[in-house]
Amino acid sequence: MLLMLLLSCLGLSNFSDSNLEIKEIDNVDTCITESAQGLEDDQEDQAALIEETFDNFNIPKKIGAAAIVNALAESNLKPELVGDNGNSVGLFQLNSLGLGKGLSVDQRSNPNLNVTIVAIQVLKNNKLLRLEKSGLEIPELTSVFTQEIMRPSNIELRKLERKKLSLKIFPNSIPDCQ
């Protein structure tokens, strides 16, 4: 119910419940997570959640990889992390004045809701989707994701840091997986 209300508030009320069907993680090809380098087990679990959620929204794998890098940079893939003097919470550090506006700390700490909010923002971002279709690779998509979706302070520095992080986490192109 909360998710449908959220979708409505974000102007995506045309999504039906069938669009939001959650797949079992065992049935999802987690090729992005499996190709990520240097993640600990608990980080892999959160990366797989991001990948699974993005798959459920039919978001391309390379954008999923960019999202994982951004979540790693934002929270070290820790859904319970609270930062920015209590204003930013969760995997993607949803800010009470930004993507987390109107949501409680508990709601923003919920990894499923946190990732879903970000996935919806990706779907609304034609630039990111268009650039992925044009063949942009993970480091560049990570930079665009940082600017278009995350919008941190000191953005140019953060884009550069996350681009470098993407090369560390995904030193090779991800496998061609669907």
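The values are calculated or read from the model by the stated rules, or taken from the named source; none is laboratory data. Since the model is a prediction, treat every value here as computed from it, not as a measurement. When the accessible area is computed, the model is the full protein with side chains, heavy atoms only, and any ligands, DNA or RNA have been set aside. Shrake-Rupley method; radii C 1.70, N 1.55, O 1.52, S 1.80 Å.
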Where the centroid of each part is defined by its Cα atoms, how far is segment 96-158 from segment 28-86 in Å? 12
Amide H neighbours of Leu94 under 5 Å, at least 5 residues apart or on other chains, H built in the peptide plane: list them. Val89
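If you roll a 1.4 angstrom probe over the protein chains with everything in place, what fraction of the accessible area of segment 65-178 belongs to carbon and sulfur, to the nearest %? The partial results should precede the final answer.
Numbers: 2670 of 5520 Å².
Carbon and sulfur atoms account for 48 percent of the accessible area of segment 65-178.
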Mind checking which lysines have their Cα closer than 17 Å to the Cα of Lys101? Skip sequence neighbours fewer than 8 apart in that chain. none
Run down the lysines and flag those whose C-alpha is under 27 Å from the C-alpha of Lys164, throwing out any fewer than 8 positions away in its chain. Lys61, Lys62, Lys78, Lys124, Lys127, Lys133
Solution diffusion estimate, µm²/s, Stokes-Einstein, segment 123-173, Kirkwood Rh from C-alpha pairs, 37 °C, viscosity 0.692 mPa s: 294
